[in-house]
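What follows is a short report on a single structure.
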Amino acid sequence: MTEKPVVKSAEKPEFLYDTHGDWQATRVANYIYDGRGEYIAFVEGRAVYTRDGEWVGDLSKDGRILRKRAGAKKPLNPNLPPKATLKKSDLPGRAPLPQQMAELGYDMIDVFEEDPEVFKRLSDRRPDME
C-alpha cells in the first residue's frame, strides 16, 4: 500500500482567485486545494490539471487559471502525481486582498468563473478502468 505524500506547511502558499477577486483555491508546492482543504488539481510548470490529468488552463501571474475560449485542449497528462494530503490547519485561514485583475478579452475565460465544476467531476476523456 502506497503512502500519500504529505505536503509540508513550510511551503509558501500561492492564492488563486477568480476575476471578481474572490479567493477560490490555494496552491502549495505543485498541488491545488480548495477552500475546504480538498486536493483538486496539480500544476506542471504553469499548466493546471485536474486530479484525473485533464488540462483546464494555465496559471496567470495574477493568480487566476485562464485558458483560450476556443483553443484546442491538451491531451490527458498520463503522469499523475501521487495524491497529496495537507492538514486543514496547514492551509491559511484567509487570503490577502488580491491585486487588481486585468480585463479579459472575449477569447479568454477564467476557469473558476466559467467552469468551476471541472474540479469536482471525473474526466470523460480518461479511459475506463477495468
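Bear in mind these aren't lab numbers, they're just calculated from the coordinates by the rules spelled out. Here the structure is a predicted model, which means the values were calculated and not measured. Because the Cβ atoms are built from the backbone with ideal geometry, glycine has one as well, and the counts that use them run over all protein chains shown.
Applying a DSSP loop filter and a limit of 12 other Cβ atoms within 10 Å to the trypsin sites (Lys or Arg not before Pro) in segment 21-108 leaves Arg36, Arg46, Lys61, Arg69, Lys73, Lys83, Lys87, Arg94. The ranking of Leu59, Leu86 by Cβ neighbour count inside 10 Å, starting from the fewest, reads Leu59, Leu86. With 0.36 nm allotted per residue and the present C-alpha distance subtracted, the His20-Glu114 stretch has 32.6 nm of extension available.
Once all Cα-Cα distances of segment 36-119 are split into 5 Å bins that start at 0, what whole-number percent is in each one? Per 5 Å bin, starting at 0, the Cα pair percentages come out as 3, 12, 21, 23, 22, 12, 7, 1. Of the chymotrypsin sites (Phe, Trp or Tyr not before Pro) found in segment 31-124, those that fall in a DSSP loop while having at most 16 other beta-carbon atoms within 10 Å are Tyr106.
In this structure, the amide hydrogen of Ile40, modeled 1.01 Å from its nitrogen in the peptide plane, lies closer than 5 angstrom to those of Ile32, Tyr33, Asp34, counting only residues at least 5 positions away or on a different chain.
All other residues with a Cβ under 10 Å from the Cβ of Asp110 taken together, and with Lys, Arg as +1 and Asp, Glu as -1, what is their net charge? Walk me through the numbers on the way to the answer.
On the way: positive: Arg64, Arg67; negative: Asp18, Glu113, Glu114, Asp115.
Charge balance near Asp110 sits at -2.
Label separation (Leu122 vs Leu91): 2.4 nm, computed from points 7 Å beyond Cα along the C-beta direction. At a Förster distance of 41 Å, what's the computed FRET efficiency of Leu104 paired with Ala84, Cβ-Cβ distance as r, to 0.05? Calculated transfer efficiency: 0.85. A Förster distance of 30 Å, applied to the separation of the beta-carbon atoms of Asp52 and Lys12, puts the FRET efficiency at 0.65.
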